[in-house]
Amino acid sequence: MANKLQVEAIKTGTVIDHIPAGQGMKILKRMELIKLKEKITVGFNLPSKNLGMKDLIKVANLLFTEEEANQLALFAPGATINVIENYIIKDKFEMSLPDVVQAAFDCPNSNCISHSEPVQSYFTVKQKNNDIQLKCKYCEKSFSKSIVEDL
Amino acid sequence: MANPLYQKHIISIPDFSRQEMELIVETAAELKSNPNPGLLQGKVIASCFFEASTRTRLSFETAIQRLGGSFIGFDNGANTSLAKKGETLADSVQVIASYVDAFVMRHPQEGAARLASEFSSVPVINAGDGSNQHPTQTLLDLFSIYECQKKLDGLNIAFVGDLKYGRTVHSLTQALSAFDCRFAFIAPDALGMPEYITDELDEKNIHHRRFDTIEEAVPEADIIYMTRVQKERFDETEFKHMAAKYILTLDTLKGARDNLKILHPLPRVDEIAVAVDKTPYAYYFEQAQNGVYAREALLALVLNEQI
Ligand SMILES: [Zn+2]
């Protein structure tokens, strides 16, 4: 855990570690972390034993739930999430693919009813060969992960 | 014990079990031979067509009245004050559903029926949501196949024409895959069966193959399901050259099995030669009539604990 020293330690908050290098920026944006107005420390292209290079994000005072953590699994497979309270790791999540992704992004089908109605987007997740497929609960269309990544 | 469809929403074919589809088909057959004008007595059903679809609407409204029910609604949402006032579908559904015993709806956007089911206090019946699902078309197709073949299991089904955009074809394939059928697909390269459907078949280990011509599929086929290849999808010369291959004529049908029946969701343009209408293979007009019985069966099951 020598890497921890590369970015200032936080007292209470969440550390997203082992993010594949280059994905850190996308995660900041996707999780709308900036909007929280909490202190965020990021490290890009840090040395990593397994990945060669990795990104790392620390968000103060935000305690990720398992569900929130799983939303990240789509975009940063292999990342680990440490939830820290008073300098102690309270929860540690290894990323696993979620069964369902809710409210994380809009349905890519522009004619899907979910856009204009008071509901959250809702996708079931399925691993298919080397791809991850997301199927909208409403329009029943399936999308490759790569399509929603660029939204 | 209540029938398994009592008070259920009817949204999408993959929601149905094999047993539920069999129940609908058997109930449709029963209602066709023994009309029962009391099954919807005293029931009021909303028939809300946010997008016009004359055939489907007339078929539903006939079914409702043949079973002794009555209906309220509209035939084109664009003409209603709902559209003009910009109310969400969720709000419209909550209000209308509070007046009625079931809510039949057609809508131009995909997912509308599923959304409505989350806001409705009564069963929602999907009469078509954009390019997504049209389950009652599939159920009437299933009923027609059952009626003319006396079974649903183990049949050879050939689909011809536009297999890419035809939602009826996708849903019917999904439905029949619960019955151990074998599939032949005959379509222009640009309009082949989508991969997600063939993947589903592969997952279930269901036999399917592509043919270049209808003739190749005819000798084995129990059902030929024709669809229209739309001109708009091709340039004119390309279309003329290609469309001829996907037209069914008397010649095409040489060597057919005696039990072969031809289905078509209608309207047809010229993809089935008129001469075929007089052969014992033609079943598309019976199929259209069966729409009323399939919808009667569905409404009767959804609104009666036991029938
Ligand atoms: Zn959708």
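Bear in mind that the values in this text are calculations on the coordinates, not laboratory data. Keep in mind it's a predicted model, so treat the numbers as computed, not measured. Don't worry about glycine lacking a Cβ; one is built from the backbone with ideal geometry, like all the others, and counts go over all protein chains shown.
Observations, loosely collected:
- Peptide ranges A:30-43, B:55-68 listed from the most packed, as the mean C-beta count within 10 angstrom indicates: B:55-68, A:30-43
- Working from Cα pairs under 8 Å separated by at least six residues, relative contact order for region A:100-148 is 33 percent.
- The alpha-carbon atoms of region A:56-151 define a convex hull whose volume equals 113 cubic angstrom per residue.
- Chain B shape via C-alpha gyration tensor axes, a/c threshold 1.5: prolate
- Equivalent-ellipsoid semi-axes of region B:225-307, from the Cα gyration tensor, Å, largest first: 32, 19, 9
- The mean number of Cβ atoms from other chains found within 10 Å of a Cβ in peptide A:106-116 is 5, as a whole number.
- For q = 0.11, 0.14 Å⁻¹, Debye-computed log10 I/I(0) when each Cα of the protein assembly as shown counts as one equal scatterer: -0.94, -1.25
- With both labels modelled 7 Å from their Cα along Cα-to-Cβ, the B:Ala52 to B:Glu203 distance reads 3.9 nm.
- In sequence order, calculated HN-Hα J values of region A:96-105 (Karplus, 6.51, -1.76, 1.60; Hz; x Gly/Pro): 10, 5, x, 6, 9, 10, 10, 6, 7, 6
- Selected from A:Ala104, A:Ser121, A:Gln133, residue furthest toward positive end of dipole (region A:100-148; charges at beta carbon): A:Gln133
- Gyration tensor (alpha-carbon) shape descriptor, region A:100-148, a/c threshold 1.5: prolate
- Difference of contour (0.36 nm per residue) and Cα-Cα distance, B:Ser70 to B:Arg233: 54.6 nm
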